[in-house]
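Worksheet: the structure to be examined is printed underneath.
The values are calculated or read from the model by the stated rules, or taken from the named source; none is laboratory data. This structure is a prediction, so every number in the text was calculated from the model and none was measured. Cβ coordinates were reconstructed from backbone atoms using ideal geometry, including for glycine residues, and neighbour counts include every protein chain displayed. To get the accessible areas, we keep the full protein, side chains included, count just its heavy atoms, and leave off ligands, DNA and RNA. Shrake-Rupley method; radii C 1.70, N 1.55, O 1.52, S 1.80 Å.
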Amino acid sequence: MSLTFHWFLPTNGDSRHVVGGGHGTPATAFGRNRPPTVAYLSQIARAAEDLGFVGALTPTGAWCEDAWLTTAMVSQHTERLKFLVAFRPGFVSPTLAAQMASTFQRQTGGRLLLNVVTGGESHEQRAYGDFLDKDARYRRTGEFLQIVRDLWEGKTVDLSGEHLQVEDARLARVPDPVPEVYFGGSSPIAGEIAARHVDVYLTWGEPPAQVAEKIAWVRGLAAQQGRTVRFGIRLHVITRDTAEQAWTEAHKLLDGFDPDTVKSVQAGLARSESEGQRRMLALHGGSREDLEIHPNLWAGIGLVRGGAGTALVGSHDEVAERIKEYHALGIDEFVLSGYPHLEEAYWFGEGVLPRLAAQGLWQHPFAPTSAPAAQVPFTS
């Protein structure tokens with residue numbers, strides 16, 4: 001099975017520095033270096049498409065541009081790239097969401113993937129008019145996915161749930177193909193929702209031993225439901241011709257972290273209700289020391305950014321080996337990003353992907369099936 005790689009659209013802005021924000025914290029000033037215009041995001045999307053990334057994740061929240069509107073516009077400047085649209089179930093009715101997804105599929109030629117984000121920050125949810133607590137939000141997510149999936153199958157849906165109620169709901173036109181549902185969460189109730197409803201369970205880039213535990217946990221819960229779930233991981237990357245060059249870039253990013261900014265961001269993230277965010281914070285403890293928490297796995301990004309806070313750092317060969325290590329655990333999809341996103345897409349796409357192709361682990365999704373395997377480029 002060929003590995004699947006997705007890239008990231010920085011709808012909060014891009015920079016040669018880490019653009020912080022997320023999980024209830026605002027984007028940092030570096031996000032204004034390269035504003036998230038449709039022109040710039042389309043440039044990243046086209047690069048990702050050409051390099052062989054299958055899709056591009058877009059975040060959700062007050063810190064970034066709206067994912068639905070942005071990807072709808074960027075899709076018109078690409079041909080094959082899919083869009084992994086982050087979406088919060090509590091902000092729109094499930095019937096309307098199912099209809100929006102169906103429309104997106106028809107207007108883009110089936111290029112929607114749906115990343116369902118329950119929301120781990122009550123203070124941010126309340127800003128949008130959502131006053132449920134965290135567990136209630138997850139229970140609502142389960143009802144939401146049940147309704148949406150039934151509608152996508154062409155069923156007429158009547159449901160009177162704890163949080164959602166629809167009557168005689170039906171889509172005039174069902175999506176073809178049905179969008180795959182991606183979902184992440186580390187709390188017990190998140191595992192239950194994943195086991196029942198999702199296609200791909202996503203985890204942030206924790207060390208392999210912790211990722212293995214998560215995979216076994218969700219896989220076991222899914223088996224109890226008579227289902228199987230695929231697994232993906234969300235990571236940043238800093239990959240260069242040599243390890244020394246890659247770590248130089250990582251240290252350059254770290255040198256750009258203002259101590260006051262780190263302190264402010266860490267204080268903001270500490271109030272997060274997200275179990276996944278708590279696990280990310282535990283990897284570095286707010287300290288700049290000992291940030292390589294596993295060979296080539298660097299926790300420095302999480303000092304100033306919420307959510308995914310780790311990066312694969314090393315030579316192209318080393319990063320390829322770490323990807324193989326995660327794949328051996330059961331990870332088949334990798335959602336990656338790097339600063340700046342345009343340039344780092346090329347570093348990974350031209351440096352790491354050919355090495356994985358040469359080992360039979362990856363093939364360009366848009367290349368003719370008769371095309372020869374990519375060759376490892378010469379580097380001095």
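Points worth noting:
- Looking at the chain alone, DSSP beta bridges between its own residues are antiparallel in about 20 percent of cases.
- Length-normalised contact order of the stretch 196-301 in % [C-alpha pairs under 8 Å, at least 6 apart]: 23 percent
- Part-to-part distance (alpha-carbon centres) for the stretch 84-121 and the stretch 302-344, which is given in Å: 26 Å
- Dipole of the chain, positive end: most advanced residue of 298, 86, 47 [Cβ charges, Cα centre]: 86
- Charges were assigned to the Cβ only: +1 to each Lys and Arg, -1 to each Asp and Glu. The resulting dipole of the chain about its Cα centre is roughly 480 debye.
- Average accessible area per residue (Å²) across the chain - probe 1.4 Å, nucleic acids and ligands excluded: 41 Å²
- Shown for the chain: the carbon plus sulfur share of the solvent-accessible area, taken with all protein chains present and a 1.4 angstrom probe, equals 50%.
- By the helix-only formula, in which each DSSP H run with n ≥ 4 contributes -39500 (n - 2.57) and the sum is divided by residues, the chain has a 222 nm mean residue ellipticity of -12500 deg cm²/dmol.
- Positive-end ranking of 226, 195, 146 along the dipole of the chain, with charges on Cβ about the Cα centre, is headed by 146.
- Global geometry of the stretch 57-164, whether rounded, prolate or oblate, following the gyration tensor of its Cα atoms and the 1.5 cut on a/c: oblate
- Summary value for the stretch 15-101: 26 percent relative contact order, contacts being C-alpha pairs under 8 angstrom separated by 6+ residues.
- Summary of the geometry: the stretch 156-206 and the stretch 216-265, compared by the centres of their Cα atoms, lie 25 Å apart.
- Normalised contact order of the chain, rounded percent, pairs of Cα under 8 Å and 6 or more residues apart: 20 percent
- Counting only heavy atoms of the protein chains and using a 1.4 Å probe, residue 215 has close to 10 Å² of accessible surface.
- Local net charge near residue 84, Cβ-Cβ under 11 Å (Lys/Arg +1, Asp/Glu -1): +1
- Three-way shape call for the stretch 223-380 based on the alpha-carbon gyration tensor, with the a/c threshold at 1.5: oblate
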